[in-house]
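Since the structure comes first, as structure tokens, the remarks are kept for the end.
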Amino acid sequence: MLTFERKFWDNGKRFIAGVDEAGRGPLAGPVVAAAVVFPREVYIEGVKDSKKLTEKKRLELFDKIQSKALSVGIGIIHHHVIDDINILNATFKAMHCAIGELIPQPDHLLIDGPYFAELNIPAEKIVDGDMKSFTIAAASIIAKVTRDKIMVDYDLQYPNYGFAKHKGYGTAQHIEAIQKFGLSEIHRRSFKLHKPLTFR
């Protein structure tokens, strides 16, 4: 999991940032990106793609990552901006915000996935990076836990939708709630369901 990091460390790079996002697919809520920089050769056992971890384990690792990282940046782009500029551009914007928060600024980026809006920092885009790079995996955990907390808070404001459970993804429960109550303020108007809503 440190193969990519070591390649750049061995080439003289000091501050390698892993960057990942959470929340591209949901029907509601923000997209959240995280960027994480660790000291050289720091490794936390158990860190991997956030989707492959239980909620309890993610929370445990979230605290460990925060304590061992040199710097952690978080970018949050809300539903109304997603509707204005589309989810891909919103994701890039969240990543840029997260990277911009890092102190010191990284001298190389490891990006999860094949796409990225380039900055003035060299970047390597890695498909399935959260399964191949420790630093990207750590960023995926930070992003996921941060977004989940936001959606739990939204559940208190909009209790009819079950946001604390499904976090805004298009589950059967969520679709049924939309059918019954309509769209909430935090639903993404630009997202269309693949099948028309049917009422029972």
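We did not get these values from a lab; they are worked out from the coordinates using the rules stated. This structure is a prediction, so every number in the text was calculated from the model and none was measured. Note that we place each Cβ from the backbone using ideal geometry, even for glycine, and neighbour counts take in every protein chain shown.
In the range 105-164, of all residues being assigned to a loop (DSSP other than H, G, I, E, B) and touching a Pro at 6+ places or on another chain (Cβ under 7 Å), the one that is nearest to PHE15 (Cα to Cα) corresponds to ILE121.
When ILE77, ILE150 are checked against the criterion of being touching a Lys or Arg at 6+ places or on another chain (Cβ under 6 Å) and farther than 24 Å from PHE38 by Cβ, ILE77 stands alone in meeting it.
Condition check ((1) touching a strand residue (DSSP E or B) at 6+ places or on another chain (Cβ under 8 Å); (2) over 16 Å from ILE141 (Cβ atoms); (3) not hydrophobic (A, V, I, L, M, F, W, C)) across all residues:
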{"residue": "THR3", "(1), (2), (3)": "no, yes, yes"}
{"residue": "LYS13", "(1), (2), (3)": "yes, yes, yes"}
{"residue": "VAL19", "(1), (2), (3)": "yes, no, no"}
{"residue": "GLY46", "(1), (2), (3)": "no, no, yes"}
{"residue": "LYS51", "(1), (2), (3)": "no, no, yes"}
{"residue": "LYS56", "(1), (2), (3)": "no, no, yes"}
{"residue": "ILE65", "(1), (2), (3)": "yes, no, no"}
{"residue": "GLY73", "(1), (2), (3)": "yes, no, yes"}
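Screening ILE178 with (1) within 18 Å of the chain's Cα centre (by Cα); (2) not in a loop (DSSP other than H, G, I, E, B) gives one miss only, at (1). Among the residues here, ARG14 qualifies as loosely packed, with under 15 Cβ neighbours inside 10 Å, farther than 30 Å from PRO159 by Cα and either of a type in the set (Asp, Glu) or out of contact with any helix residue (DSSP H, G or I) (no Cβ under 8 Å at 6 or more places or on another chain) (or both). Within the range 73-88, residues that are free of Cβ contacts under 8 Å to residues at least 60 places away in the same chain reach partners that are surrounded by fewer than 17 Cβ atoms within 10 Å (Cβ to Cβ) with beta carbons closer than 7 Å, at six or more positions or on different chains, in the pairs GLY73/GLY100; GLY73/GLU101. Checking ASP107, ASP84, ASP130 one by one, the residue that is over 15 Å from the mean Cα position of the chain (by Cα), within 18 Å of ARG24 (Cβ to Cβ) and among the acidic types (Asp, Glu) is ASP84 and no other.
Restricting attention to the range 17-49 and to residues that are among the charged types (D, E, K, R) and more than 25 Å from HIS166 (Cβ to Cβ), the residue that is surrounded by the fewest Cβ atoms within 10 Å (Cβ to Cβ) turns out to be GLU45. Any idea which residue in the range 155-175 is nearest to the chain's Cα centre (by Cα), counting only those that are surrounded by 21 or more Cβ atoms within 10 Å (Cβ to Cβ) and more than 18 Å from ALA34 (Cβ to Cβ)? Among residues in the range 155-175 that are surrounded by 21 or more Cβ atoms within 10 Å (Cβ to Cβ) and more than 18 Å from ALA34 (Cβ to Cβ), the one nearest to the chain's Cα centre (by Cα) is PHE163.
Do the conditions hold for ALA28, that is, is it in contact with a helix residue (DSSP H, G or I) (Cβ under 9 Å, 6 or more places away or on another chain) and either among the aromatic types (Phe, Trp, Tyr) or under 30 Å from PHE191 (Cα atoms) (or both)? So ALA28 fits the description; yes. Taking the range 97-112 on its own, how many of its residues are surrounded by fewer than 18 Cβ atoms within 10 Å (Cβ to Cβ) and within 14 Å of ASP20 (Cβ to Cβ)? Of the residues in that region, 1 qualify. When the range 110-127 is filtered for residues that are of a type in the set (Lys, Arg) and under 20 Å from GLY29 (Cβ atoms), nothing remains.
For ALA69, the criteria (1) surrounded by fewer than 17 Cβ atoms within 10 Å (Cβ to Cβ); (2) farther than 18 Å from PHE116 by Cα; (3) in contact (Cβ under 8 Å) with a residue 12 or more places away in the chain hold in every case but one, which is (1).
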